[in-house]
Every structure is written in C-alpha cells, then in structure tokens.
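A short write-up of the structure that comes next.
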Amino acid sequence: AQSVTQPDIHITVSEGASLELRCNYSYGATPYLFWYVQSPGQGLQLLLKYFSGDTLVQGIKGFEAEFKRSQSSFNLRKPSVHWSDAAEYFCAVGAWVTGGGNKLTFGTGTQLKVEL
Amino acid sequence: DTAVSQTPKYLVTQMGNDKSIKCEQNLGHDTMYWYKQDSKKFLKIMFSYNNKELIINETVPNRFSPKSPDKAHLNLHINSLELGDSAVYFCASRRTGTSGGDAYEQYFGPGTRLTVT
C-alpha cells in the first residue's frame with residue numbers, strides 16, 4: 001500500500017530565509033506526487049505536482065519541488081519565505097484503488113511558522 | 001466563481017443528532033470525494049463517487065452515508081453523531097476521462113468544521 005511520510009511536524013524559519021520541507025513516499029508504481037497548502041481555516045490549495053519528465057517542478061507562489069526516485073523523495077523548496085507562507089503543507093501520492101477509481105494518500109503535514 | 005463549495009462552513013451539534021453536509025462543484029467533474037481531517041490535521045479519504053456511483057468506501061462506519069443526486073453534488077449524512085466525529089470534512093472533485101497524473105489531481109472545497117458536544 002502507498003504511504004507518505006513528512007518527518008517534520010513543525011518548522012520555523014525567518015522571513016527571507018530559504019525553506020525545504022521533506023516528503024518521502026512509498027508506492028510500487030510510477031508515483032504521481034502533489035504538494036498542497038492549507039492556510040488557517042481554509043481548504044487545500046494545490047501548490048505543484050509531479051507526473052513525469054523534468055524532476056524539478058515549479059509551482060505557484062514561488063515554490064518548487066524536486067523528485068528523486070532513488071531516495072523516494074519529493075521535497076518542497078522556496079528560496080525566500082514570506083510571512084504569508086505560514087500554513088500547513090501536505091505532500092500526497094496518487095494511487096489506483098482496487099475496483100476502480102483513484103485516491104490521494106496524504107502525509108501528516110508540516111506546519112510552517114514564519115518569524116518576522 | 002467558487003469551484004467546490006460546501007455548506008455549512010461550521011456545524012455545532014449534540015451527540016446523537018443526525019446532520020448533513022452538502023457539497024457542490026461547478027467544474028464539470030465526474031468524480032467527487034469526502035475526506036476527514038482530524039484534530040492532528042491528518043487527512044483521510046472516506047468516500048468517492050463517480051457519476052453518482054460509489055466507487056470508494058474506506059471502512060467508514062455506516063452511520064456515515066454519502067448521497068450523490070447528480071454528478072455535481074455529493075452530500076454526507078451522519079446519523080447518531082458521536083464525539084469522535086468532530087473534525088473538518090473536506091469535499092473534493094477531479095476530472096475523469098483524463099490519463100496519467102491529471103487523473104489524480106483533486107480540487108478541494110473550503111471544509112466544514114463539525115463539532116459534536
């Protein structure tokens with residue numbers, strides 16, 4: 001069965017500093033990987049996705065992520081964090097479900113705090 | 001324009017009551033989902049419907065009954081509410097008829113915070 005691990009529950013960075021959020025996945029086939037962001041009291045917004053091809057993918061709000069098959073990782077990065085980036089970040093892997101359909105399996109999330 | 005909407009946004013009720021949460025999407029998608037986010041922010045899929053047909057049921061207690069009157073709507077009815085049902089419930093949808101990774105990309109609603117007292 002597929003799974004996603006986000007090792008860091010909380011991360012605090014200073015505004016303007018660089019950011020890396022870790023994500024490791026377990027899936028037997030080609031992984032379809034996603035990063036979503038949840039601002040306080042809000043729904044989930046898609047930041048970026050990896051399906052195939054270039055292993056470095058660009059997303060919205062200046063975020064990027066790098067897929068490394070050898071490490072089963074899909075880490076999220078941003079060169080310079082803004083105070084508005086404070087939120088919960090979720091990594092997810094897409095997988096087919098026996099009997100039809102597909103679903104996303106999410107990691108436990110990383111809460112990002114930004115210090116001014 | 002709101003893509004995936006849910007009503008109500010907040011729901012406070014007592015144990016034993018029955019309540020419903022509604023979800024509507026105007027994206028023209030055929031597949032819709034319900035997820036539960038617990039107090040530790042963990043997101044877990046509950047159900048998925050494709051064109052009004054139940055295709056995923058992740059061992060959710062049968063007090064939870066999803067209903068899809070048409071492919072743009074997926075409602076969640078909960079009977080005999082328990083304290084442990086307190087959570088944020090998210091609706092999501094995705095396109096069908098696509099291939100590869102596009103078939104997995106989901107669009108989420110704003111969530112319904114259910115509090116059972």
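Residues that are open to solvent by 70 Å² or more (accessible area, probe 1.4 Å) and free of Cβ contacts under 8 Å to residues at least 24 places away in the same chain number at least 1 in the following strands (runs of 3 or more DSSP E) confined to the stretch A:1-69: A:44-50, A:56-58, A:64-68. In the condition set (1) under 24 Å from A:T98 (Cβ atoms); (2) away from chain A (no Cβ under 11 Å); (3) under 11 Å from the mean Cα position of the chain (by Cα), B:T59 is compliant with all but (3).
Of all residues in the stretch A:75-116, those satisfying the criterion of being assigned to a strand (DSSP E or B), in contact with a helix residue (DSSP H, G or I) (Cβ under 8 Å, 6 or more places away or on another chain) and crowded, with 20+ Cβ neighbours inside 10 Å are A:K78, A:G94, A:L112. Sort out which residues of the stretch B:72-104 are buried (at least 18 other Cβ atoms within 10 Å of the Cβ) and of a type in the set (D, E), and write them in order of number. Residue satisfying the conditions is B:D85 alone.
Of the set (1) at pLDDT 90 or above; (2) part of a loop (DSSP other than H, G, I, E, B), all apply to B:V60 but (1). Would you be able to tell me the number of residues in the stretch B:28-45 that are surrounded by 13 or more Cβ atoms within 10 Å (Cβ to Cβ) and either part of a loop (DSSP other than H, G, I, E, B) or in contact (Cβ under 8 Å) with a residue 24 or more places away in the chain (or both)? The number of residues fulfilling the criteria is 12. Checked against (1) of a type outside the set (S, T, N, Q); (2) surrounded by fewer than 18 Cβ atoms within 10 Å (Cβ to Cβ); (3) assigned to a loop (DSSP other than H, G, I, E, B), B:P69 passes all but condition (3).
The values are calculated or read from the model by the stated rules, or taken from the named source; none is laboratory data. Just so it is clear, the structure is predicted and the values come from calculations on it, not from any experiment. Backbone-built Cβ (ideal geometry, glycine too); neighbour counts: all protein chains shown. Quick note on the areas: whole protein, heavy atoms, side chains included, nothing else; ligands and nucleic acids left out. Shrake-Rupley method; radii C 1.70, N 1.55, O 1.52, S 1.80 Å.
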